[in-house]
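Here's the structure we're looking at; comments come further down.
Any read-out appearing in this document is the output of simple, stated calculations on the displayed coordinates, not a laboratory observation. For clarity, every value in this text was computed on a predicted model and none was experimentally measured. Note that we place each Cβ from the backbone using ideal geometry, even for glycine, and neighbour counts take in every protein chain shown.
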Amino acid sequence: MNSLVLTLSFLGAPAQGPSLPTSLSQDPSEERQEPAGVGPVMNYLYRHSRLESGMLYTIWDNDLELESDPGFYVRTGVEMAYGVSIHLTYRHYDYDNSDLPGPQEEHVLIRGVLGGLGLRVPLTPDFAFSASGSAGFLRWESHGLGLTDDTGPILSGEAAVAVRLHEVLRIKAGVVLDFTSTDVRGGSRESTLGVSWLLGVEFGT
């Protein structure tokens, strides 16, 4: 009888050893402290950055004797405030040109980098109007005719409408006007106007 009472007393007594942790989370005071300013900046970039990519179908100025052909662009940007954003754009064209008279065959490679400002105005929860202006440089290369390559300035303006498909996904369509200056044809430097139709996909909030 005595042994039974001792056994029940032992089972009913509270454990005296160290208690086990009830969760895997650390105490806030023990968490690693990040350098001041790093956390908020990275968090802001994560929440307000955008990545865009798409196609440009460009109608070049007649003076350049370049056929209309598609190219592509990639753009990254960060929204600052009130719908205003800063962005950086890369453009790329790479095709055979058949607009030159005669039997000549020319391969055209055009690459550009532009930086600028953009503005987005919400029209409805799913539609928004955007406009932007940017400036940069285009590298014009003509292969097969023995012409001198050239790097010239570009000023670009864009107007587009974006449609939201998902919280972080939009389809964008618009028009682009480009003012360029080049002497890729080997003559005097010419200022030209090009028009592009834009179709792109945008990721970001």
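So the values come out like this:
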{"read-out": "FRET efficiency for F203 and F137, using Cβ-Cβ distance with R0 set to 22 Å, rounded to 0.05", "value": "0.25"}
{"read-out": "The range 102-126 versus the range 160-197: alpha-carbon centroid distance in Å", "value": "4"}
{"read-out": "Extension gain from F129 to Y95, taking 0.36 nm per residue of separation minus the Cα-Cα distance", "value": "9.1 nm"}
{"read-out": "At R0 = 22 Å, FRET efficiency that the Cβ-Cβ distance of Y57 and T148 yields, to 0.05", "value": "0.20"}
{"read-out": "Gain upon complete extension [E105, I171; 0.36 nm per residue less C-alpha separation]", "value": "20.1 nm"}
{"read-out": "Kirkwood-type radius of the range 45-185, with distances r between different C-alpha atoms, in Å", "value": "16.5"}
{"read-out": "Extension gain, M42 back to F179 (0.36 nm per residue minus Cα-Cα distance, nm)", "value": "45.8 nm"}
{"read-out": "Backbone HN-Hα couplings from phi across the range 147-160 [Karplus 6.51/-1.76/1.60, Hz, Gly and Pro as x]", "value": "8, 7, 6, 8, 10, x, x, 9, 10, 10, x, 9, 9, 8"}
{"read-out": "Label point at Y82 placed 7 Å out along Cα→Cβ; residues across the range 119-139 whose backbone nitrogen lies under 18 Å", "value": "119-123, 129-133"}
